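Peer 1: A single structure is presented below for examination.
The values are calculated or read from the model by the stated rules, or taken from the named source; none is laboratory data. Computed from a predicted model, the values in this text were never measured in an experiment. FYI the Cβ positions are ideal-geometry reconstructions off the backbone, even for glycines, and counts take in every protein chain you see. Note: accessible area is taken over every heavy atom of the protein model, side chains too, but ligands, DNA and RNA are not part of it. Shrake-Rupley method; radii C 1.70, N 1.55, O 1.52, S 1.80 Å.
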Amino acid sequence: MTLSKLASSAALIALVAGAPMLTMVSAAQAQDAPAAEQMPDLLQGLDLQDLETDMRRDGQTRYEGEMADGTEIEALFDRDGTLMMFEADGGVVPATVLDAAVPAEIRNAEAFDLLTRIEELHSRGDMLGLKGEDKDGEELHLMFDLTGKLTGIATDDVAVPQDMVASLLPQTVRDSDIAAQFTIIDHVMAGRDRVMIGGEDADGEDLRAQFDMDGNLLRFGRGDDDRGDHRMHGDRMGRGEHGGPGKHGGKHEGKHGDHARGPRHDDRGMMKGDEAPMDMDAVTTSLTEAGYTDLGKFRRKGPGAAVSATNPDGEEVMLQLSPEGEVMRETAR
């Protein structure tokens, strides 16, 4: 199982994801790159070359450029100038960015030291995800709440340490018959009312399961299929990421779906219908990683789907999703 199957951001906590698709400004506006003094303070000292800026209708702004060492960066800010995403392609997130964007509670957390190299940062609401490498050069993705508590972890085919599994999964889940089928757990995401795990069985077949806190199974999937993209916080966690498509391939978009009487699923948790099936696990993970909570039942709506939720700002909204599970529209309820 690879991180691309862990759905963004992804999500340790399944609970513990997508933003609307990027809308480009007019050609005239796009050519008018902002002066240095107009850039967010976080980017001022990076001496970015070949700077490109895309402004979105929702007030978010994406910056792309190249640092002096050749590292290409992509950063997304919300309408208030708060950093939502920072990715370093071919390099690491600068220390100045980490110091400014990562709360001290997280930087002082024991789990934070597991990352010896940080390449991506994703922030939404009360969650922050970091992706990079551990001391052995293995891919590692961590999710924290703003108090510094670890809420999710994903590796690339390497077992999550048992003490971390125990800290993230309720005993009721660890004692379940389904959890016993996992020989390797390489992905754990925990939230307020549910947890998700991913890994492999004794035969090396991919498994993924979602439980409530009482240990009741909510979803279960088996087999290696690209539709189960369970990454955290939005990393490329179908990506449950926080931005639109850019030259680095990052697209931070949420995903979900539903049916008039509740979604119908096949044995992999896929919604059935006339259109291509939608992976409910990946969609749920993407949305939760993006900061949406209290997700309702998914209903089929046109070629896509709709689901009620509470957005990262605490507002009750209805999400309109594309057939691919991307958030196309958010309206107040």
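Peer 1: Could you list, in sequence order, the residues of the range 308-319 that are modelled with pLDDT of 75 or more, in contact with a Ser or Thr (Cβ under 9 Å, 6 or more places away or on another chain) and not acidic (Asp, Glu)?
Peer 2: Ala309, Thr310, Asn311, Val317, Met318, Leu319, listed by residue number.
Peer 1: Sort out which residues of the range 63-78 are over 20 Å from the mean Cα position of the chain (by Cα) and open to solvent by 20 Å² or more (accessible area, probe 1.4 Å), and write them in order of number.
Peer 2: Glu66, Met67, Ala68, Asp69, Gly70, Glu72
Peer 1: Output yes when any residue across the range 295-310 is closer than 19 Å to Arg124 by Cβ, open to solvent by less than 50 Å² (accessible area, probe 1.4 Å) and aromatic (Phe, Trp, Tyr), and no when none is.
Peer 2: So far as the range 295-310 goes, no, none of its residues is closer than 19 Å to Arg124 by Cβ, open to solvent by less than 50 Å² (accessible area, probe 1.4 Å) and aromatic (Phe, Trp, Tyr).
Peer 1: Looking at the range 100-109, can you tell me whether even one residue there is closer than 20 Å to Ala75 by Cα and polar (S, T, N, Q)?
Peer 2: no
Peer 1: Something else about it: Pairs only if they're at least six apart or on different chains, beta carbon under 6 angstrom, first in the range 43-54 and outside any loop (DSSP other than H, G, I, E, B), second open to solvent by 70 Å² or more (accessible area, probe 1.4 Å); list them, first residue then second.
Peer 2: Asp54/Met24
Peer 1: Quick one: how many residues across the range 154-183 are farther than 25 Å from Leu130 by Cβ and acidic (Asp, Glu)? Before you say what the answer is, go through the steps one by one.
Peer 2: Taking the range 154-183 as the starting set, the residues that turn out to be farther than 25 Å from Leu130 by Cβ are 171-172, 174-181, 183.
So of that shortlist, the ones also acidic (Asp, Glu) come out as 175, 177.
Within the range 154-183, residues that are farther than 25 Å from Leu130 by Cβ and acidic (Asp, Glu) number 2.
Peer 1: Go through the range 121-139 and give me each residue that's open to solvent by 10 Å² or more (accessible area, probe 1.4 Å) and either in a strand (DSSP E or B) or more than 20 Å from Ala159 (Cα to Cα) (or both).
Peer 2: Ser123, Arg124, Gly125, Asp126, Met127, Lys131, Glu133, Glu139
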